[in-house]
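Notes to accompany the following structure.
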Amino acid sequence: MGKWITFEGIGGCGKGTQIELIYNWLIEQDIQIVKTKEPGGTEFGSSIRKLVLPDQHPKLSPFTELMLFQADRHETVKQIIIPALNQGAIVLSDRGPFGTIAYQGFGKGVDLDLIDKITVEATEGRKPDFTFLLDIDPEIAKKRIKERNNSEIDQFDLEEIQFQEKVRKGFIDAAKNDKAKKVFTIDGSKQIQEIHYEIINIFEDHII
């Protein structure tokens, strides 16, 4: 059986960069690896991504947003994650269940118990084996986002600092309450290579 690894954090934390780096490192180690993302891991998910990520007015209601993300997650789990795990692969996922708790729960006020119940159904009870949380001050993250290509900025990146603080708190709370205790919280303000080496060490000690 393989392992499902999720990378989490507010926009601008650097998780996308770290996923690419560890993905390439794992390939060099000749380890079977699959990479996916939420939303957009499947063809269906790509359609969902076009619906939920652009800044739009009026905005989707938080509940509608929740259900679209969960529908994407269900298809990703069914089509990509479970088949890959059954083949013994490591699955790297850009976001996972923590993201829903942080953004739709803490950020937008959807009931956390409701989120938990729907997530269990969407994932068929499967939970990530390990989660990397890149924690960063929203002010630093905001400066990073401003340096991005406009096509890479989504509606969540454009939210005010107060929203980002709520989301950050959601990630920290989710990590603290994770009963499996398999969350690795990393200082996202460190240099890219320093974070990469820290992640490599964790993979060597706990995952591969």
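What follows draws every value from the coordinates through simple rules; no lab data is involved. On a predicted model such as this, the values are computed, not experimentally measured, just so you know. Every residue, glycine as well, gets a Cβ built from its backbone with ideal geometry; the counts of neighbours run over all protein chains shown.
Things worth noting here:
- Extension gain for GLU165 to ASP30 (0.36 nm times residue separation, less C-alpha to C-alpha distance): 44.7 nm.
- SER61-ASP187 pseudo-label distance in nm [points 7 Å out on the Cα-to-Cβ vector]: 4.4
- Counting neighbouring Cβ atoms within 10 Å and putting the fewest first, the residues MET1, MET67 line up as MET1, MET67.
- A Gaussian network model of the chain, with springs between Cα atoms under 10 Å, assigns the largest mean-square fluctuation among GLN104, GLN164, GLN56 to GLN56.
- Positive dipole terminus of the chain, leading residue within GLY109, PHE171, VAL77 (C-beta point charges): GLY109
- Distance distribution P(r), the chain, all Cα-Cα pairs, bin width 10 angstrom from 0: 8, 36, 40, 15, 1 percent.
- Put simply, when 21-33, 130-142 are sorted by average Cβ atoms within 10 angstrom per residue, most first, you get 130-142, 21-33.
- Anisotropy class of segment 151-206 from Cα gyration tensor, a/c 1.5 cut: oblate
- Once you reduce segment 143-160 and segment 33-95 to the center of their Cα atoms, the two points are 20 Å from each other.
- Total charge dipole magnitude, segment 3-207, about the Cα centre, Cβ charges on Lys, Arg, Asp, Glu only, Debye to nearest 20: 260
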